[in-house]
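Worksheet for the structure shown next.
Derivation of every value follows stated rules applied to the coordinates shown; laboratory data play no part. This structure is a prediction, so every number in the text was calculated from the model and none was measured. In this analysis, Cβ positions are derived from the backbone assuming ideal geometry, glycine residues included, and neighbour counts consider all displayed protein chains.
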Amino acid sequence: MKKHILLFAVAFSCLLAGCTATVPERPVAPDYFSLWNECESLTALKAYVKDVTNPCSKNYIKPEERIATFDMDGTFIGELYPTYFEYNLLEYRGLDDPTYKDIAPAEVKEAAQDIRDFVRDGKPLPEHFDMIHARAAATAYAGMSLYDFDLYVKSYASRKANGFTGMTYAESFYKPMLQVFRYLEAHGFTFYVISGSDRFICRSLVESLGIPANRVIGMDVKLKSSRQGEDPGVDYTMDKYEDLVRTDELLIKNLKTNKVLQITQEIGKVPVLSFGNSGGDCAMHNFCLSNKLKSAAFMLIADDEDRDHANREKALKLAVEWREAGYHVISMRDDFKTIYGFQVQKVDFNF
């Protein structure tokens, strides 16, 4: 009884003295998805991450196995202005660059013209154009040092994105997808960019996001040191005054099953999460879903004709196909509050 009276007296004296009991505030959980609407794809992603990061779950995945792979073009950066960034860049290089267009080899000019005819007149690209472009691009930038090529890419990327106001190519990231990066990082995942585009173009574009260069995998050309000549490199020792330069020898076009091969070569682990937007990503998704650990794959569909240069009818057909394949579908129209940022507006293309 005396103990209760004493506690009451202490509490009463605190009130008289103007004291208030200090109750520690609960930390506010970060809002990782402020640019998303509530949707099936987001619910699925959060449920997956909650499950595999719970040490008490039978599906718990150790941090070192939490590998996520992301395609780049059309998955977290624009590809509809009016085509892939690297296609736009080659078109400029072969047809408009005053330092190169007059000396561009025929195969570079032809590939650049194919791109121009496609984006301006709707003429279909030649069959197997992925490889035609890859070989032409290898030739078009041969002899450039990696430093100069990085500057070249960033200079072109600083231009206003065709078909939009309020955005350059360098800024044309899907803002909601950048939130996925931060969310996964906060939950112990390591993510990699696995693109069909040139590895060094990708590195230049994602540098501003803080993505390390060693987590970017893409199309590759052979490199050599600037004074190496034809020596294969096993007998030649470069000195400290040399640069690394691009050659015209294509090593790999990183599409479809080649993505799986490159993931295995460079990461050495099967991913547990995979994000893409096209048939070129299906092999990567299927590789992910083959993991004995719990895994999930997500496909974006370009179905927003108001905020992007999309084909909704085609996108909805793909959505059915992706769901049947076991992938979660992210609708850019329905799931994203914004795509490129609220200040960005879609406009007609300017040629």
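I need the shape label for the range 40-89. Rule: rounded when a/c is under 1.5, else prolate if a/b > b/c, else oblate, with a, b, c from the alpha carbon gyration tensor.
oblate
Tell me whether the range 154-272 comes out rounded, prolate or oblate; compute the Cα gyration tensor, take square roots of the eigenvalues as a ≥ b ≥ c, and use a/c under 1.5 as the rounded threshold. Before the final figure, lay out the partial values.
Values: a/c = 2.13, a/b = 1.41, b/c = 1.50.
Here the range 154-272 falls in the oblate category.
Residues whose amide H comes within less than 5 Å of that of residue 198, counting only those at least five positions distant or on another chain, are 219 (H built at 1.01 Å from N in the peptide plane). Computed from phi, the 3J(HN,Hα) profile of the range 80-90 under the Karplus parametrisation 6.51, -1.76, 1.60 (θ = phi - 60°) reads 10, 9, x, 8, 4, 4, 5, 5, 4, 5, 5 Hz, with x in place of Gly and Pro.
Considering only 139, 264, 190, the Gaussian network model of the chain with Cα springs below 10 Å gives its largest mean-square fluctuation to 264. When only Cα pairs below 8 angstrom with a gap of at least 6 residues are kept, the range 236-328 shows a relative contact order of 19 percent.
Less than 5 angstrom separates the built amide H of residue 36 from those of 337, all sequence-distant by 5 or more or on a different chain.
What is the packing order of peptides 92-104, 281-293, taking the mean over residues of other C-beta atoms within 10 Å and listing the highest first?
Values: 92-104: 14.6, 281-293: 19.6.
The densest-packed peptide leads the list: 281-293, 92-104.
With the highest mean first, a sort of the peptides 160-168, 222-230 on other beta-carbon atoms found within 10 angstrom per residue produces 160-168, 222-230.
Across the chain, C-alpha contacts under 8 Å between residues 6 or more apart give a mean separation that, scaled by the residue count, equals a relative contact order of 22 percent. Working note: Karplus 6.51/-1.76/1.60 with θ = phi - 60° gives the range 34-47 the couplings 5, 9, 10, 8, 5, 7, 4, 5, 5, 4, 5, 5, 5, 5 Hz, where Gly and Pro are set to x.
Taking each residue as 0.36 nm, the span from residue 50 to residue 182 lengthens on full extension beyond its C-alpha to C-alpha distance by 46.0 nm. Taking θ as phi - 60° and the Karplus parameters 6.51, -1.76 and 1.60, the scalar couplings of the range 212-220 work out to x, 4, 6, 10, 10, 10, x, 4, 10 Hz in sequence order, x denoting glycine and proline. Amide H contacts under 5 Å for residue 252: 220, restricted to partners 5 or more places along the chain or on a different chain, H placed in the peptide plane at 1.01 Å from N. For the chain, the dipole from Cβ point charges (+1 on Lys and Arg, -1 on Asp and Glu) about the Cα centre works out to 1780 debye, to the nearest 20.
Shape class of the range 241-351 from the Cα gyration tensor (axes a ≥ b ≥ c, square roots of the eigenvalues): oblate, since a/c reaches 1.5 or more and a/b does not exceed b/c.
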